[in-house]
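> I'd like to ask you about the structure that follows.
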2 protein chains.
Amino acid sequence: MAAAQESSKVCEAFPMKSGDGPKSYAKNSTFQREAVDVAKQLIVNEIAEKLDIDVLLSSKSNTFHIADLGCSTGPNTFSAVEGILEAVQLKYQSQMMNSQVPEFQVFFNDHTTNDFNMLFKSLPQNRPYYAVGVPGSFYGRIFPNASIHVVHSSFSLHWLSRVPKQVVDRNSPAWNKGRIQYSNSTDEVVRAYEAQFAEDMECFLHARAQEIVHGGLMVIIIPGRPNGSSHSDSVANATLLLVGSCLMDMAKEGVLLEEKVDSFNLPMYYMSPQELEAAVEQNGFFSIERLEYLPRVPVDDTVSEQLASHLRAALEGLIKQQFGEEILDELFDRYRKKVEERLSILEIESGKPTHFLAALKRKAN
Amino acid sequence: MAAAQESSKVCEAFPMKSGDGPKSYAKNSTFQREAVDVAKQLIVNEIAEKLDIDVLLSSKSNTFHIADLGCSTGPNTFSAVEGILEAVQLKYQSQMMNSQVPEFQVFFNDHTTNDFNMLFKSLPQNRPYYAVGVPGSFYGRIFPNASIHVVHSSFSLHWLSRVPKQVVDRNSPAWNKGRIQYSNSTDEVVRAYEAQFAEDMECFLHARAQEIVHGGLMVIIIPGRPNGSSHSDSVANATLLLVGSCLMDMAKEGVLLEEKVDSFNLPMYYMSPQELEAAVEQNGFFSIERLEYLPRVPVDDTVSEQLASHLRAALEGLIKQQFGEEILDELFDRYRKKVEERLSILEIESGKPTHFLAALKRKAN
């Protein structure tokens with residue numbers, strides 16, 4: 001259990017914009033929602049094919065435990081959890097085990113600074129499960145041994161546990177001057193981010209290997225980059241690059257201090273499916289049951305507006321902390337305009353995949 | 001599981017003053033804290049004597065589940081939970097079962113409107129348990145079947161699920177004009193409160209009987225009245241009576257509308273140990289392992305100040321909702337003065353017990 005405290009020491013928290021106002025995460029997570037909807041059927045299929053009810057029945061309790069890691073404040077988390085729950089119910093029914101359909105307890109996890117009050121208030125009224133909130137970083141232990149049957153996590157694993165230390169150290173060769181993340185940066189910066197990702201993913205898989213029952217499943221939707229594409233080619237990184245370039249423009253115009261940009265970095269990393277495979281291989285406790293790109297969600301001509309709102313909901317907390325609240329409107333207005341000018345650079349209309357789904361099964365070893 | 005939703009329909013929520021400011025519940029719960037400290041040793045003894053580890057081991061999982069019902073925002077809940085956890089550990093150790101000491105998962109429950117954000121932020125750093133928040137009224141189902149080993153609840157069961165409907169109905173013989181609770185009121189009003197209490201306690205015990213494992217324990221600290229004393233004799237009721245009389249004074253002086261007092265009632269009921277026994281008997285799923293008065297906490301000459309702060313933290317939300325925020329300072333200032341004038345009436349310095357501890361064991365039937 002010590003691990004739970006360890007992680008609370010090393011991990012920082014990057015909560016989504018709380019509440020339910022017009023700029024909140026709850027109102028600006030439709031990008032993810034669409035991907036969740038696309039993935040929902042895949043998850044249902046996955047559970048139908050891969051969930052081994054016999055293994056779970058032998059795991060003693062008659063409650064089925066589902067965890068959503070990085071749940072934020074909804075509504076995406078409720079939709080995802082419902083999909084999983086229905087798939088499990090179907091599985092029992094298809095095996096003529098109607099009388100044994102378990103009760104469900106759902107563990108909604110996010111950082112301690114997440115707005116759990118809002119999450120709890122927006123829980124669906126007629127939910128067919130017992131709801132529970134779990135504060136803490138998923139890079140450490142958050143659940144007892146072998147206590148979770150299905151783990152779900154959407155749009156969370158691209159958040160690192162922290163910004164790599166070196167990139168904000170003026171005296172390090174990995175100092176990331178004038179940029180806010182690793183794409184288009186020096187090799188040293190890229191390596192620092194890659195190392196942080198590798199360490200975090202090891203912690204993540206290590207903790208889950210202990211928490212998930214043998215035979216249990218973990219289904220994850222990851223915003224990443226395709227195999228074989230460079231960091232700077234990825235749509236997500238190109239998007240963040242534009243935020244950095246807006247900040248540098250504002251620094252040059254004297255709206256904010258350049259040193260503030262130098263010391264600001266985003267704790268995000270867009271992995272490829274191959275990187276995930278390597279981490280799973282090294283961990284050794286999971287088999288990969290599925291690993292596939294999700295189809296791109298079609299975009300319309302409001303995409304620049306949507307992207308700006310979405311990014312603001314996700315990044316507002318971090319940016320406010322570093323630069324002050326007063327720059328937010330201007331920054332995201334500039335950002336929206338830049339996206340409009342460079343739709344082709346962002347390849348927003350191309351078919352290149354950005355998200356992928358992974359289904360991992362806890363080995364019985 | 002339907003019950004969980006039912007309860008969310010019928011139950012109202014009466015959150016303690018949130019946050020951690022000078023008037024918050026977190027900073028004004030020392031009255032309870034002292035009683036919790038007094039009760040802590042009793043609880044430790046109780047678990048040492050009555051907890052049957054064999055029964056719990058056969059209950060399959062190697063996680064020990066503790067629930068605190070009506071936890072509010074701390075710090076009392078953390079202290080109570082730690083005491084229980086240590087007692088369980090001692091129990092394992094005393095039976096030379098060191099290698100089998102389980103992991104602990106603690107379920108902190110309160111109304112959905114409780115300040116869980118604050119609770120989560122104030123969780124002890126080096127806690128030896130996995131912490132979880134559970135939103136919802138404990139008068140309905142909040143946990144899966146047979147999933148909790150020890151339930152704790154302090155200073156919560158005197159809150160009813162709602163104000164009895166009749167007492168705010170002008171056309172009912174139980175209309176409670178000019179008073180804010182049942183003591184010193186008409187027989188009809190007293191009966192309405194007694195009926196609400198009986199109904200709530202039935203729901204409470206019914207839900208817990210399903211949720212607690214066979215052989216599991218429930219330890220409760222209840223602010224109540226001694227057996228054989230009338231409602232109006234109880235210190236707690238005398239205390240609330242003074243709040244009502246302050247409100248009526250203010251109505252007579254035109255500070256607030258008398259109709260507002262007429263339509264305002266507190267959803268609190270101070271039961272006697274005998275009433276609890278009768279409810280447990282009727283429910284049938286628990287044996288009473290202990291039922292005893294707690295010693296009165298010695299008071300000093302700051303008692304009127306303390307009482308006023310304490311009551312304000314507990315009642316502020318309800319009073320604000322009915323009368324507006326602007327009356328709060330004046331009301332509790334008047335209240336403090338009234339307490340000072342009537343210390344003897346309140347019997348604050350007498351030895352008459354106000355709180356009692358009950359330990360119930362879930363029968364194996």
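> With the radius of gyration and the Kirkwood radius both derived from the Cα set of the range A:246-341, what is their ratio Rg to Rh?
Numbers: Rg = 18.2 Å, Rh = 16.4 Å.
Rounded to two decimals, Rg over Rh is 1.11.
> Still on this structure: What is the spin-label model distance, in nm, from A:Ser229 to B:Gln210 if the labels are put 7 Å beyond Cα along the C-beta direction?
4.9
> Could you report the buried accessible area between B and A, both sides summed, computed with a 1.4 Å probe and given in Å² to the nearest 100? Kindly include the intermediate steps, with their values, before the conclusion.
Values: alone 15920 and 15950 Å², together 28790 Å².
The B and A chains share an interface burying roughly 3100 Å².
> Further, regarding this structure: Report the label-to-label distance for A:Glu49 and A:Gln274 in nanometres (one decimal), using points 7 Å from each Cα along the Cα→Cβ vector.
Taking the two extended label points, one gets 2.4 nm.
> Can you give me the Rg/Rh ratio for the range A:53-127, using Cα atoms for both radii and the Kirkwood formula for Rh? Don't skip to the end; give the middle numbers.
Numbers: Rg = 14.0 Å, Rh = 13.6 Å.
Ratio of gyration radius to Kirkwood radius for the range A:53-127: 1.03.
> Same structure again: Which value in nm describes the separation of the simple spin-label points at B:Thr302 and B:Glu340, placed 7 Å from the Cα toward the beta carbon?
Going by the 7 Å Cα→Cβ label model, 1.6 nm.
> Efficiency by 1/(1 + (r/R0)^6): what FRET value for A:Asn145 and A:Lys352, r their Cβ-Cβ distance, R0 = 35 Å, to the nearest 0.05? Could the numbers behind the result be given before it?
Details: r = 41 Å, r/R0 = 1.16.
That pair, A:Asn145 with A:Lys352, gives E of 0.30.
> If we hang a label 7 Å off Cα along the beta carbon direction at A:Ala198, how far is it from the matching labels on the other copies, in nm, shortest first?
Computed spacing set for this position: 7.1 nm.
> Which residues of the range A:144-165 end up with at least 10 Å² less accessible area in the presence of all protein chains than when their chain stands alone, using a 1.4 Å probe?
Hits at the 10 Å² cut-off: A:Pro144, A:Asn145.
> Related question: Between Rg and the Kirkwood Rh of the range A:2-362, both from Cα atoms, what is the Rg to Rh ratio?
Checking Rg against Rh, the ratio lands at 0.97.
> Where does the range B:174-321 land on Rg(C-alpha)/(2.2 N^0.38 Å)? Spell out each step's value before the answer.
Working: Rg = 17.6 Å, N = 148, 2.2 N^0.38 = 14.7 Å.
For the range B:174-321, the normalised Cα radius of gyration comes out at 1.20.
> May I pose another question? To the nearest 10 square angstrom, what accessible area does A:Ser156 show with a 1.4 Å probe?
Answer for A:Ser156: close to 10 Å² accessible.
> Applying 1/(1 + (r/R0)^6) with R0 = 22 Å to the Cβ-Cβ distance of B:Asp37 and B:Ser122, what FRET efficiency is obtained, to the nearest 0.05? Mind dumping the intermediate values first?
Values: r = 18 Å, r/R0 = 0.84.
The pair B:Asp37/B:Ser122 has a calculated efficiency of 0.75.
> Can you bin the range B:133-207 into rounded, prolate or oblate? Criterion: square roots of the alpha carbon gyration tensor eigenvalues sorted a ≥ b ≥ c, rounded for a/c under 1.5, prolate for a/b above b/c, oblate for the rest.
Working: a/c = 2.95, a/b = 2.69, b/c = 1.10.
The shape class here is prolate.
> For the range B:258-298, just say rounded, prolate or oblate: build the C-alpha gyration tensor, square-root its eigenvalues into a ≥ b ≥ c, call rounded for a/c under 1.5, and beyond that prolate if a/b exceeds b/c, oblate if not.
Numbers: a/c = 5.20, a/b = 1.71, b/c = 3.05.
Since a/c reaches 1.5 but b/c is at least a/b, the shape of the range B:258-298 is classed as oblate.
> Step through the residues of the range A:68-84 one at a time and calculate ³J(HN,Hα) from phi using the Karplus curve (6.51 cos²θ - 1.76 cosθ + 1.60, θ = phi - 60°), rounding each to whole Hz and writing x for Gly and Pro.
Values per residue, Gly and Pro as x: 10, 9, x, 6, 6, 10, x, x, 4, 4, 5, 5, 5, 5, 4, x, 5 Hz.
> Still on this structure, I have one more. With respect to the cross-link table entries A:Lys40/A:Lys363; A:Lys91/A:Lys361; A:Lys121/B:Lys260; A:Lys50/A:Lys91; A:Lys260/A:Lys337, which display a Cα-Cα separation exceeding 21 Å?
Working: A:Lys40/A:Lys363 24 Å; A:Lys91/A:Lys361 16 Å; A:Lys121/B:Lys260 28 Å; A:Lys50/A:Lys91 10 Å; A:Lys260/A:Lys337 23 Å.
From the list (A:Lys40/A:Lys363; A:Lys91/A:Lys361; A:Lys121/B:Lys260; A:Lys50/A:Lys91; A:Lys260/A:Lys337), the Cα-Cα distance tops 21 Å for A:Lys40/A:Lys363; A:Lys121/B:Lys260; A:Lys260/A:Lys337.
> GluC sites (Glu not before Pro) within the range A:227-317: which are DSSP loop residues with at most 15 other Cβ atoms inside 10 Å?
Details: sites: A:Glu253, A:Glu258, A:Glu259, A:Glu275, A:Glu277, A:Glu281, A:Glu289, A:Glu292, A:Glu305, A:Glu316; in loops: A:Glu253.
Passing sites in the range A:227-317 are A:Glu253.
> With a 1.4 Å probe and every protein chain left in place, work out the accessible area per residue of the range B:2-362 in Å², rounded to a whole number. Don't jump to the answer; show the numbers that get you there.
Working: 14040 Å² over 361 residues.
Per residue, the range B:2-362 has 39 Å² of solvent-accessible surface.
> Using a 1.4 Å probe over the heavy atoms of the protein chains, calculate the carbon and sulfur portion of the accessible area of the range A:171-311 as a whole percent. Don't skip to the end; give the middle numbers.
Working: 2710 of 5530 Å².
Carbon plus sulfur share of accessible area: 49 percent.
> What's the average, rounded to a whole number, of partner chain beta-carbon atoms within 10 Å of each residue's beta-carbon in B:197-205?
Working: counts 0, 0, 0, 0, 0, 0, 0, 0, 0.
Shielding by partners across B:197-205 averages 0.
> A further question follows. Given B:Ile221, B:Ala192, B:Ile180, which one lies farthest toward the positive end of the charge dipole of the range B:162-236, if we put +1 on the Cβ of every Lys and Arg and -1 on the Cβ of every Asp and Glu?
Checked the options; the winner is B:Ile180.
> Which whole-number percent gives the relative contact order of the range B:2-362, counting Cα pairs below 8 Å spaced six or more residues apart? Don't skip to the answer; put the middle values down first.
On the way: 632 pairs, mean separation 78.0, N = 361.
Relative contact order comes out at 22 percent.
> Quick one: net charge around B:His214, please, counting Lys, Arg +1 and Asp, Glu -1 for every other residue with C-beta under 11 Å from its C-beta. All intermediate terms of the calculation are to be shown ahead of the outcome.
Details: positive: B:Lys361, B:Arg362, B:Lys363; negative: B:Asp52.
Summing Lys/Arg as +1 and Asp/Glu as -1 gives +2.
> What's the extension gain from A:Ser172 to A:Glu289 if we count 0.36 nm per residue and subtract their Cα-Cα distance? Please report the intermediate quantities before stating the final value.
Working: separation 117, 0.36 × 117 = 42.12 nm, distance 4.08 nm.
Result for the pair: 38.0 nm of gain on full extension.
> How far is A:Ser79 from the same spot in each other copy, in nm, shortest first, if each label point sits 7 Å from Cα toward Cβ?
4.6
The values are calculated or read from the model by the stated rules, or taken from the named source; none is laboratory data. Not measured: the values here are computed from a predicted model. When we count neighbours, we look across all protein chains shown, and the Cβ atoms used for this are built from the backbone with ideal geometry, even at glycine. In case anyone asks, the SASA skips ligands and DNA or RNA and just uses the protein heavy atoms, side chains included. Shrake-Rupley method; radii C 1.70, N 1.55, O 1.52, S 1.80 Å.
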